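Undergrad: Have a look at the structure that comes next, please.
The values are calculated or read from the model by the stated rules, or taken from the named source; none is laboratory data. Owing to the predicted nature of the structure, the values given are computational and were not obtained by experimental measurement. Ideal geometry is used to build each Cβ from the backbone, glycine not excepted, and the neighbour counts take in all protein chains shown.
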Amino acid sequence: MESGAHAFAQDPRNETVLIYVNGELKPRGEAMVSVFDSGFLMGDGVWEGVRLHNGRVAFLDRHLDRLYEGAKAIDLDIGLSRADLTAALHRTLEANDMQSGVHVRLMVTRGLKSTPYQDPRVNIGRATIVIVAEHKQASEDVAGRGMKLFTVHVRRGAPDVLDPKLNMHSKLNCITAAIQAARAGADEGLMLDPHGFVATCNSTNFFIVRKGAVWTSTGRYCMNGITRANILALARENGMAAEERDFSLTEAYGAEEAFVTGTFGGVTPVRELDGRIFGDGKPGPVTLRLRALYRDLIERECPPPMMA
């Protein structure tokens, strides 16, 4: 992948990683789930992406809070306690001898079905749990030049239709947004909420900077991003005005800076939105400061191990 906040360089070590599938560690080429799995058939499941740095998983408690809350919301029994799921995660990381520069996708689906049908009453057995850990780091080239965004026609849904706060396997609206953005030559799609205000990007949370103040959406129609929350807290702790509010595309076009946030890329500058260039086209001072503050936060959250 060459562009966007999820751009990374291929690492040959990933060809031999072991992947956790329902309690077993499988070579990459043998890690599979059934065609009758709820995730494959219906997109029925929840997931988290986490990062490993200095041998520690950053903000693990917050990620597990979100995972278990999402599972409860869709009435999915994960089947493992938080302690047991954490042990499975660390078992996977240790089996792959991983310490830093690692991204992990933790996935839970409703498990096997007796027949292809959406009703959970045809499910049999336990949830399916898969943990994929890869050597993967965000591209510094993308961070240096900034991202290009395009406002797509696909809207974020209302919570009474499909709650956008759920980190679920059903991602078709975001995929459709990503396709439209890619066809327009952009890195990601900027999505509006049902009322026409700026909501989020298809795979990251969106921020602008106006007159030194940091703005992001109200949060009602976007993923409750853990990096998003950390950036809002860091801005406020360091004397910056930071608001969650409704704002329009007109206000976004007039911003001095823009950036996106996410677990994988942290803080990634945005260069352009719908042909409008932010500032001089280079990462702005507020964006760079928040990027540095976030890196410091990660170091505090995941300090290097003490030398014996």
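Undergrad: Give 33, 46, 104 a once-over and let me know the one that is β-branched (Val, Ile, Thr) and either in a helix (DSSP H, G or I) or under 20 Å from residue 302 (Cα atoms) (or both).
TA: On the way: 33 fails: either in a helix (DSSP H, G or I) or under 20 Å from residue 302 (Cα atoms) (or both); 46 fails: either in a helix (DSSP H, G or I) or under 20 Å from residue 302 (Cα atoms) (or both).
None of the other options fit; the residue is 104.
Undergrad: For the stretch 134-172, which residues satisfy the criterion of being closer than 30 Å to residue 68 by Cβ, among the aliphatic types (A, V, I, L, M) and over 17 Å from the mean Cα position of the chain (by Cα)?
TA: Going through the stretch 134-172, the residues closer than 30 Å to residue 68 by Cβ turn out to be 134-138, 154-172.
If we keep only those that are among the aliphatic types (A, V, I, L, M) too, we end up with 138, 154, 158, 161-162, 166, 168, 172.
If the condition is that a residue be closer than 30 Å to residue 68 by Cβ, among the aliphatic types (A, V, I, L, M) and over 17 Å from the mean Cα position of the chain (by Cα), then 154, 158, 161, 162 are the ones that fit.
Undergrad: Moving on to the next point. Need pairs with beta-carbon distance below 7 Å; first residue at pLDDT 95 or above and within the stretch 23-42, second assigned to a loop (DSSP other than H, G, I, E, B) and among the polar types (S, T, N, Q); sequence gap 6+ or separate chains.
TA: Qualifying pairs under 7 Å: 42/118.
Undergrad: To continue, here is another question. Could you please give the count of residues in the stretch 137-159 that are part of a strand (DSSP E or B), aliphatic (A, V, I, L, M) and out of contact with any Ser or Thr (no Cβ under 9 Å at 6 or more places or on another chain)? Full working, then the answer.
TA: To start, the set of residues in the stretch 137-159 that are part of a strand (DSSP E or B) comprises 138, 147-151.
Restricting the remaining residues to those that are aliphatic (A, V, I, L, M) gives 138, 147, 149.
Pick out the ones that are also out of contact with any Ser or Thr (no Cβ under 9 Å at 6 or more places or on another chain) and you get 149.
Residues meeting the conditions: 1.
Undergrad: Follow-up question, since we're still on this one. If you check 212, 239, which single one turns out to be without any contact (Cβ under 8 Å) to a residue 12 or more places away in the chain, on the phi > 0 side of the Ramachandran plot and out of contact with any Lys or Arg (no Cβ under 7 Å at 6 or more places or on another chain)? Working first, answer last.
TA: Numbers: 212 fails: without any contact (Cβ under 8 Å) to a residue 12 or more places away in the chain.
Answer to the selection: 239.
Undergrad: Might you let me know whether the stretch 4-15 holds any residue that is at pLDDT 95 or above and closer than 15 Å to residue 128 by Cβ? Walk me through it before giving the result.
TA: Residues of the stretch 4-15 at pLDDT 95 or above: 12-15.
Of the ones still in play, those that are also closer than 15 Å to residue 128 by Cβ are none.
No.
Undergrad: Could you tell me whether residue 51 is assigned to a strand (DSSP E or B), touching a residue at least 40 places away in the same chain (Cβ under 8 Å), closer than 23 Å to residue 135 by Cβ and among the charged types (D, E, K, R)?
TA: Numbers: assigned to a strand (DSSP E or B): yes; touching a residue at least 40 places away in the same chain (Cβ under 8 Å): yes; closer than 23 Å to residue 135 by Cβ: yes; among the charged types (D, E, K, R): yes.
When the stated conditions are applied, residue 51 passes them.
Undergrad: Considering every residue within the stretch 60-74, establish whether at least one is surrounded by 18 or more Cβ atoms within 10 Å (Cβ to Cβ), part of a strand (DSSP E or B) and out of contact with any helix residue (DSSP H, G or I) (no Cβ under 6 Å at 6 or more places or on another chain).
TA: no
Undergrad: Working only within the stretch 175-186, note down all residues that are buried (at least 21 other Cβ atoms within 10 Å of the Cβ) and either at pLDDT below 95 or farther than 30 Å from residue 64 by Cβ (or both).
TA: Matches in the stretch 175-186: 181, 186.
Undergrad: Which pairs do you get when a residue that is part of a loop (DSSP other than H, G, I, E, B), found in the stretch 9-20, comes within reach of a residue that is surrounded by 10 or more Cβ atoms within 10 Å (Cβ to Cβ), reach meaning Cβ atoms under 6 angstrom, with the pair 6+ apart or on two chains?
TA: Pairs found: 11/135; 17/28; 17/96.
Undergrad: Now for a different question. Any residue in the stretch 285-308 that's surrounded by 15 or more Cβ atoms within 10 Å (Cβ to Cβ): show its pairings with residues that are of a type in the set (Asp, Glu) at Cβ separation under 9 Å, as long as the two are six or more apart or on different chains.
TA: Close Cβ pairs (under 9 Å, with a partner that is of a type in the set (Asp, Glu)) amount to 286/256; 286/257; 287/257; 293/237.
Undergrad: Moving on. Being assigned to a loop (DSSP other than H, G, I, E, B) and farther than 24 Å from residue 65 by Cα is the filter here, so list the residues in the stretch 107-123 that pass it. Working first, answer last.
TA: Residues of the stretch 107-123 assigned to a loop (DSSP other than H, G, I, E, B): 110-111, 114-119.
Residues satisfying the conditions are 114, 115, 116, 117, 118, 119.
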